[in-house]
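Input: a single structure, listed below in C-alpha cells.
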Amino acid sequence: MLSATATAGVVFGSNWITLLTTPTRLLYFCHSAAAAAVSDFPLTINITRRPRHRLRKNSCSFSSTSSPFPSILTEPDDGNQKKSVNDARYSSLRVLEWDKLCDLVSSFATTSLGREACKEQLWSLNHTYHHSLILLKETNAAVQMHNHGACRLDFSSINLLLVKSGLRNARRGGLPINANEAMAVAAILESAYFLQLNLKAAIKEDADWYNRFTPLSQLIMEMVINISLVRVIKQVIDEDGSVKDSASSALKRARDQVQLLEKKLSQLMDSLIRNEMKETSFLEVSNIDGRWCINSGTGQLTSFNGLLLSSDSGTGRIIEPLSAVPLNDELQQARASVAKAEADVLLMLTEKMKKDLDDIEKVSDSVIQLDVINARATYSLFFRGAPPSLYLSEELDGSFSTETYLSENETLMASFPKEREWLLYMPKAYHPLMLQQHRQNVQKAKKEGSNAPDVSALEQAHPVPVDFFISHKTRVLTITGPNTGGKTICLKTVGLAAMMAKSGLHVLSSESVKIPWFDSVFADIGDEQSLSQSLSTFSGHLKQISDIRSQSTSQSLVLLDEVGAGTNPLEGAALGMSLLESFADSGALLTIATTHHGELKSLKYSNDAFENACMEFDEVNLKPTYKILWGVPGRSNAINISEKLGLPSVVVSNARELHGAASAEINEVIIDMERFKQDSQELLHEARHHLMLSKNLHEKLKLARRKIKEHGTEQRYRKMRQISEAASMARSILHKKVRQLRAHATQTFQPTADQKQLSTSDSRFTAEAKNGRPTESMSTSVVEINKQPSAAMTELPEVGDMVQVSSLGRKATVLRVDRSKEEILVQAGNMKLKLKLAEIGVK
C-alpha cells in the first residue's frame, strides 16, 4: 500500500486524475468525482494494489480532513455537475452507513466474485424504477427457491477466479489451461447442470413453480451446459487437481520411469550413507532443484566422490555423488517427459473447451448473477425481512390509494389500512445494523458460555422498532424529541429502508411495507464523519444542505438532522423554517427533519404539507422509549428532568419563571395532546385487535359454512348412491324372477309341431305387417289352432280387450273381431293368432 500527501498540482484527464505529490512521485486514481475538492484541500490517499482488470472500482480509499468521499467508488462520470451530484449522493449514503450494510449483504454470497458483484450492484446509483422492480422480483423468486428446498443456489464449491483465468488462457491460445482451472470449469458446469435438473424436477412435480421462480427459472434454463465436457475433464483430471496416470499412455510410462529412477536413487543414497556412518555423525539426503544430493556437516570428509554444489557454515555442504549424476540426469529427463505428457493432456482439454468457451462464460456470468440474487434473498430470510411494495410517485397524479399502487405482490394489499392513503407505510421497521449488532452480541454471549439469565436478558433487550405512517399529502415531517431519544436512528432507518427497497432487498419490518421509489436519498446527519473538518459545524451543515437543495428532485428523499442547529437559536430557527418551506414547495418528494427549535413545530398549522411527530420520553424512569408519537409536537423536558434528578428547587423554580408562563402553558397543552394521542393509540390498538378477532371469526364462520355445504352435498350424493344401488338391486331381483317365471312357463308348455309351424307363420305374418302389406294378405298366413278351451266365453270381446288363450296358457290382446264368423285375431307377445270364440276363456 502506498500513501502520500497531495498539496497541489492537479491535472485532469478524461477519466484519470494525476496528483503531483510533495515527494517527486506520480499517483493515479480513477474517480473523477474526487477531483472537485483535491486542489483546494490537503488530502491523504491510500491506494491498494489490485488486479488490473478490477482497478476501476473499489481500488481507492480516502481519508480526508476537508471533504467527505465515499469509501467505495465507481467508474468516473463526465461533467462537473454530475460529479458533484454523485459526490453528494455518496456522502449521504456514507453517513447512513450504507457501506456497512452492503458489506453485510455481500457476506451472504458464496463466491468471491459474487461478493464483489453484490457490492457493485448495491452501490449502483443508476437503478430505474423498473430495474428496481426486477431486482425485487428476483429476490422474491430466490426466497421461493429457498422455501422449496430442492433448488438451492449454493455455489460455495466453485472457484470462479480459476474459471475466469482458465477462460482467459483458453482464449489466448498457445499455453493450455492448468489442471486446477480445468477442474473449476468442470465444477461450475456440473453445479449448473444439477441446478437445472432440480428445477426441472420441481416443475415436473408442479408446473406452477416455473412462474413462482421467474425470472430465475428463465435464467437457469437458458444456460447451455456441455455435460460431456465435464466427463472428459473428470476422466483425465483427479479431484486434487493432478492429471491422472490413465490420461495417456505416454504419461503413464513417464511417471513409471520417474518412480523407478527415484527408487534407484533412494537405494543409492541409503547405501552411501550407511557406508559413511562409521566415520561421520551427520549425513542426510537433500533434494536440490530436483536432484538427489547428500548434506554433510561442515568440515566433515566423505569417502565417496561427488560434486560440491554449495557450502555454508550454517547448513553444511551439499554434495551430489558422482554415482548419482547419471541417475539424476535421467530423472530430470523423465520429469520433463512427465511435464510434456501432462501439457499434451491439458492442451487436448483446452482444444475441447474452445468450442464451448462462450457458453461457459455465459454460465459463469449467470452463476455470479444468481449468487448476487441469492445473497439478497439469504440476507432477507436471515433477518426476516418483508418484501416491500414499491410504487412510482409520478403515476399517482397527486393522489395515491392502496388499491392502485404498483406492486409485485398484490396479496399484500389486505394488510394496508383502507381508510387512509399513505405516502409511506412502514410499521415496526428495524434499523438493519442495530438488528445485526444485537444478534452478534447474543451469539457472542452464547459462544463465551455466559450465564443463561444473562443471555436471556440480552435476547430480550431487542432493538425497538419504529412506525412510519406518512400521508400522501405530507411533504415535510418534523420530528422533535430529547437528545439520545432515537431521532437520528429513525432518519437512518427510513433512509436505509428506501435504499434497500430500491436495490432489491427486503425491508426489515414485521409487516408489509409500502414505500415510494426514490431516485436519490440525500442526508445531512450531524455525525462527525459526515462534516468537513476544515469548516465549522454550521458551515458544514449549510454547504451540505445547499448541495442537497440544488440536486434533489421531485422523487428524492431528504433527511436533515438537527436542521438550523449550530448558530444563534433565533436565526437558526428562522433559517430552518425557510429551508423546510422551500423543500415543501418545490423540493423533494419527502423531507424528514429533526430539530429542537420549537418554532418549526408551528409550520404544520399554516401549511398542510407539514406534519409533526415526536419521540416519546418516559418521565417516570427518565429515559426515552424510542417510539414515535404522530401528530404531536415535542416538548422540552429539561426542567422537569432536572427537578427529578435532584437539582435544588430554588434553581428549578427560577428556571421555570425565566422560561415563562406562556411556554409552560404550551407544554401543558402538549402534555394533554400526548395523553390524548396515547389514549387514541391504545383505543386504536384495541380496535385493531377486535377487528382482527372479528376477521378471524368471520373466516371461521365462512369455513364452517363451506364445510356445512360440502357435508350437505356429500350427504345428498350418498343418499342418491344408496337409492341407485337399491333400485339396481330391485331391478336385478325382478329380472331374476321374470327369468324364473319364463323358465317355468317354458317347462309347463312344450310346443308341438303344429305350434312350431304356427310360430314360423306368425313370424312371417309380423314381417309382412312391418312391410305395410294389406290386411287380407296377412290373414292368409294365419294358422288356426284347434284346442279345447278350458272355459268358453258367451259373447265376443271388444278390440283391445284381454282374453285368456287356453292353448298357450297366457293372455292375449284382441286386435280384430269378425262377428259373422265368430272369430277374433289376438296378439300374444310376438305371435298373432286367429281363434274361435270357443278357444278363448274368460278374461
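The values are calculated or read from the model by the stated rules, or taken from the named source; none is laboratory data. As the structure is a computational prediction, the values presented were derived from the model and not from experiment. No Cβ is skipped: glycine too gets one built from the backbone with ideal geometry, and neighbour counts run over all protein chains shown. Side chains included, ligands, DNA and RNA excluded: accessible areas come from the protein's heavy atoms. Shrake-Rupley method; radii C 1.70, N 1.55, O 1.52, S 1.80 Å.
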The simple spin-label model distance between residue 222 and residue 647, using points 7 Å out along Cα→Cβ, in nm, is 6.7 nm
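Around residue 292, with a cut-off of 13 angstrom between Cβ atoms, what is the net charge of the other residues, counting Lys and Arg +1 and Asp and Glu -1? Kindly include the intermediate steps, with their values, before the conclusion.
On the way: positive: 263, 264, 291, 335; negative: 262, 270, 284, 289, 320, 329, 330.
Cβ neighbours under 13 Å give a net charge of -3.
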With N residues in the stretch 801-841, Rg(alpha-carbon) / (2.2 N^0.38 Å) equals 1.01
Checking rank on 118-128, 222-232, with mean other Cβ inside 10 Å and highest first, the result is 118-128, 222-232
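Given 0.36 nm per residue, what is the gain on full extension from residue 210 to residue 820 after removing their alpha carbon distance, in nm?
Values: separation 610, 0.36 × 610 = 219.60 nm, distance 9.19 nm.
Going from the current span to full extension adds 210.4 nm.
So if each residue of separation counts as 0.36 nm, and I subtract the Cα-Cα distance between residue 623 and residue 828, what length gain in nm does that give?
Working: separation 205, 0.36 × 205 = 73.80 nm, distance 11.11 nm.
Separation in residues times 0.36 nm, less the Cα-Cα distance, equals 62.7 nm.
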Sorted by chain and number, the residues with a modelled amide H under 5 Å from that of residue 386, at a separation of 5 or more or across chains, are 507, 508, 509
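Could you work out what % of the accessible surface of the stretch 801-841 is carbon and sulfur, using a 1.4 angstrom probe and leaving DNA, RNA and ligands out of the count?
On the way: 860 of 1920 Å².
Carbon and sulfur atoms account for 45 percent of the accessible area of the stretch 801-841.
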Non-local residues with an amide H under 5 Å from the amide H of residue 304, with H modelled 1.01 Å from N and Pro and chain starts lacking one, are none
Taking alpha-carbon centroids only, the stretch 309-347 lies from the stretch 460-492 a number of Å equal to 74 Å
Expressed in Å to one decimal, the Kirkwood Rh of the stretch 203-281 from all distinct alpha-carbon pairs is 18.3 Å
Residues whose built amide H sits under 5 Å from the amide H of residue 563, excluding neighbours closer than 5 in sequence, are 594
Between residue 157 and residue 312, the two model label points (7 Å from Cα along the beta-carbon direction) sit apart by a distance in nm of 4.4 nm
Here the stretch 814-830 yields Karplus 3J(HN,Hα) values (6.51, -1.76, 1.60; θ = phi - 60°; whole Hz; Gly and Pro given as x) of 6, 9, 8, 10, 10, 6, 5, 9, 6, 10, 9, 10, 10, 10, 10, x, 8
With x for Gly and Pro, the residue-by-residue ³J(HN,Hα) of the stretch 203-210, computed from phi through the Karplus equation 6.51 cos²θ - 1.76 cosθ + 1.60 at θ = phi - 60° and given in whole Hz, is 5, 5, 5, 8, 4, 5, 4, 4
In nm, the gap between the two label points placed 7 Å beyond Cα toward Cβ at residue 747 and residue 706 is 6.3 nm
Phi-derived 3J(HN,Hα) across the stretch 593-609 with the Karplus relation (6.51, -1.76, 1.60, θ = phi - 60°), rounded Hz, x for Gly and Pro, is 10, 10, 7, 10, 6, x, 5, 6, 5, 7, 5, 4, 7, 10, 8, 5, 6
The rounded separation in angstrom of the Cα centers of the stretch 683-731 and the stretch 594-617 is 54 Å
Filtered pair list for the stretch 203-278 (Lys only, Cα < 28 Å, 8 or more apart or interchain) has a length of 9
In whole angstrom, the spacing between the Cα centers of the stretch 107-138 and the stretch 533-583 equals 32 Å
